[in-house]
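Trainee: For reference, the structure I am asking about is given below.
The values are calculated or read from the model by the stated rules, or taken from the named source; none is laboratory data. Values in this document were obtained by computation on a predicted structure and should not be read as measured data. Every residue, glycine among them, receives a Cβ derived from its backbone with ideal geometry; neighbour counts consider all protein chains shown. Protein only, heavy atoms only, side chains kept; ligands, DNA and RNA dropped before computing areas. Shrake-Rupley method; radii C 1.70, N 1.55, O 1.52, S 1.80 Å.
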Amino acid sequence: MNTPSPKQPQPQWGAQQAASSATGPKWARKRVAVPAAALLFLVGVGVGASGGEAGADTSASPAPAPTVTRTVTAAPPADAKPAAAAPSQTPRAAKPAASAPPAEPVRITVPDFVGMGLQDAQDHAQAQGLFFLSSHDETGAGRAQVLDRNWTVCSQSPAAGTSVTADTTIDFGAVKLDETCS
């Protein structure tokens, strides 16, 4: 049998209970430690957000006002004579030559687009310098030409061979690929 040695005092039940209640059970210590850690974390975040200085003034100083310089030039009175300047100081503008008559706009002969796909006709017209283009449903149903590659040109206005300027609108009458021109 094991008998306790007289040198080691044997703890008694009451003394053991008092010792463990001083430190408390593990679950009780966690109930205190976890909220304390969370509180310390939140305080640290708050201090970090304020720039790290406790009690520091976080309001920004006002931005300096921009400097605006305004120069006003007074117009000379109508009866004042301009001061004569030395020729080397004032450059003189060259007198314009007699103005030439305005150039006549460039004329473009409208190609024949009938029978072409609508997209190809539009591409060809733009290659010729005609950029104002429109199209309509030749059947009269009022359908929109959403995918130009699915349509064929049946008519055009102005007619092929007509001489027009680049700002003339070319209108194409078109039908779907599987339809025939009327």
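Trainee: Of all residues being touching a helix residue (DSSP H, G or I) at 6+ places or on another chain (Cβ under 7 Å) and closer than 13 Å to ALA121 by Cβ in segment 153-177, which is surrounded by the most Cβ atoms within 10 Å (Cβ to Cβ)? Just the residue, please.
Mentor: Only one residue tops the list, namely ALA174.
Trainee: Tally up the residues in segment 133-152 that are surrounded by 14 or more Cβ atoms within 10 Å (Cβ to Cβ) and part of a strand (DSSP E or B), please.
Mentor: Qualifying residue count for the region: 6.
Trainee: Something else: How many of the residues making up segment 101-125 are open to solvent by 80 Å² or more (accessible area, probe 1.4 Å), outside any loop (DSSP other than H, G, I, E, B) and of a type outside the set (Ser, Thr, Tyr)?
Mentor: Of the residues in that region, 2 qualify.
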